[in-house]
Amino acid sequence: MSQLSHGIYKFVNRQSGTAMDVVRNSVVGTPPSYFKTQQWEIIPSGDGYMIRNVETQKYLSFQTLFPASSVVTTSYPTTWDINRVYIPYESAVFYESK
């Protein structure tokens, strides 16, 4: 796993071009902006990372533990596995989260 530094990040969907945003407690894709609801703090946590929204101070999590559950924000942290992905034909580096 490539280490990410503690800091503020914006997550952009590579296919749709939308940024991860918070509307109430729901996580949705919206056009990129400079709103703090699209800013996420990456916090190292053991072998993974916690992801907290800058505006709401809530953590990225799942609504339930069932497959295909919605991603939401909660007051309780969840540890995420974030991996570096290199796409050689695009000469680009991306990160995927699980």
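Structure data summary
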| item | result |
| --- | --- |
| Elements of type strands (runs of 3 or more DSSP E) in region 7-48, at least 2 residues being closer than 16 Å to SER61 by Cβ | 19-23, 26-30, 40-45 |
| Residues of region 16-42 that turn out to be touching a helix residue (DSSP H, G or I) at 6+ places or on another chain (Cβ under 6 Å) and within 19 Å of PRO77 (Cα to Cα), as a count | 2 |
| Lone unmet requirement of (1) open to solvent by 80 Å² or more (accessible area, probe 1.4 Å); (2) within 19 Å of PHE94 (Cβ to Cβ); (3) not basic (Lys, Arg) for THR18 | (1) |
| Region 21-55, residues that are surrounded by 11 or more Cβ atoms within 10 Å (Cβ to Cβ), more than 12 Å from the chain's Cα centre (by Cα) and within 24 Å of GLU90 (Cβ to Cβ) | PRO32 |
| Long-range neighbours under 9 Å by Cβ, at least six apart or interchain, first residue aliphatic (A, V, I, L, M) within region 43-58, second loosely packed, with under 13 Cβ neighbours inside 10 Å | ILE43/HIS6; VAL54/ILE8 |
| Lone qualifier among GLU96, GLU41 - being modelled with pLDDT under 95 and among the acidic types (Asp, Glu) | GLU96 |
| Residue match in region 76-83 (condition: in contact with a helix residue (DSSP H, G or I) (Cβ under 6 Å, 6 or more places away or on another chain) and closer than 18 Å to GLY7 by Cβ) | no |
| Region 65-80 residues that are surrounded by 12 or more Cβ atoms within 10 Å (Cβ to Cβ), paired with ones that are of a type in the set (D, E, K, R) and modelled with pLDDT of 90 or more (beta carbon under 9 Å, 6 or more apart) | VAL72/LYS58; THR73/ARG52; THR73/LYS58; THR74/LYS58; PRO77/ARG52 |
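The values are calculated or read from the model by the stated rules, or taken from the named source; none is laboratory data. Worth saying up front: this structure is predicted, and the values here are computed from it rather than measured. With ideal geometry, Cβ positions are generated from the backbone for all residues, glycine too; neighbour counts draw on all protein chains shown. These accessible areas exclude ligands, DNA and RNA; they are computed on the full protein's heavy atoms, side chains included. Shrake-Rupley method; radii C 1.70, N 1.55, O 1.52, S 1.80 Å.
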